[in-house]
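Data first, discussion second: the structure below is written as structure tokens.
No value in this document is a laboratory result; all are computed from the given coordinates. All of these numbers come straight from a predicted model, not from anything done at the bench. Note: ideal-geometry Cβ built from the backbone for every residue, glycine included; neighbour counts use all protein chains shown.
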């Protein structure tokens, strides 16, 4: 609630009173979430949820790190987070938990997650709301950006030793393989177009290949001027070899893996995407 405000004339027998509805709602949401138990971020826990909109909180090793909302489906949004975290190093899904509240659809117009963010920011909570955790593909123009040391992608880089889901052993076109890898990884794989990819055939030796192994295979089949670059939060493939990127930590050229040391700026403000509509 806002304080009672004294009049400008200095008298004390009449005052203005302002009721802050949004602050009251934020406080009530925070109190309701704090009163809930926390469930592990697993398929089983998520499957028990209703397909309804709502707000949720994520916890890492018991510490509150993120607040978000789902306009349509809490399970869908939490599965997205689970998949993203599963593809990162220095963090495990065993360390993650969540709690959530269902809210009426028309309540989303009040931006309940922003009410919660405002409530917690003053207490130094929710570090992932300010470090790029919820960001999507930044686009080609941001590939050369140097990330802050407190950015989610710097703290928890992508895991290239993770198996690619859904691979099929045998002969396939390079284009089909690229599409399968993009779908089968829990982080973004963005690549340029080339007509030759549709007619170039490659042999996938096993359905149990890691991202690292698949990228070595692909890099041996693409033209010499192409390369695959592993940035801190995603992977790109373009005809720009031997260009280097400040946030890259591995390159794939001609079937070879080339290690690098990424740069990072001092910790500070991280630009975040606006809340997504849908799900």
Longest principal axis of the chain (C-alpha) makes with the long axis of helix 74-86 (C-alpha) an angle, in degrees to the nearest 10, of 50 degrees
Candidates for Kirkwood radius over Cα pairs in Å are (i) 21.3; (ii) 20.7; (iii) 19.5, and the calculated one carries label (i)
In degrees rounded to 10, the 0-90 angle between helix 174-184 Cα long axis and the longest Cα principal axis of the chain is 30 degrees
Sorted on mean Cβ neighbours within 10 Å (highest first), peptides 55-65, 29-39 come out as 55-65, 29-39
Classified through the alpha carbon gyration tensor (a ≥ b ≥ c as square roots of its eigenvalues; rounded if a/c is under 1.5, else prolate when a/b is larger than b/c, else oblate), region 92-230 comes out prolate
Classified through the alpha carbon gyration tensor (a ≥ b ≥ c as square roots of its eigenvalues; rounded if a/c is under 1.5, else prolate when a/b is larger than b/c, else oblate), region 21-130 comes out oblate
In nm, the gap between the two label points placed 7 Å beyond Cα toward Cβ at residue 243 and residue 208 is 3.8 nm
Measuring from the longest principal axis of the C-alpha atoms of the chain, the long axis of helix 21-34 (C-alpha) lies at a number of degrees, nearest 10, equal to 60 degrees
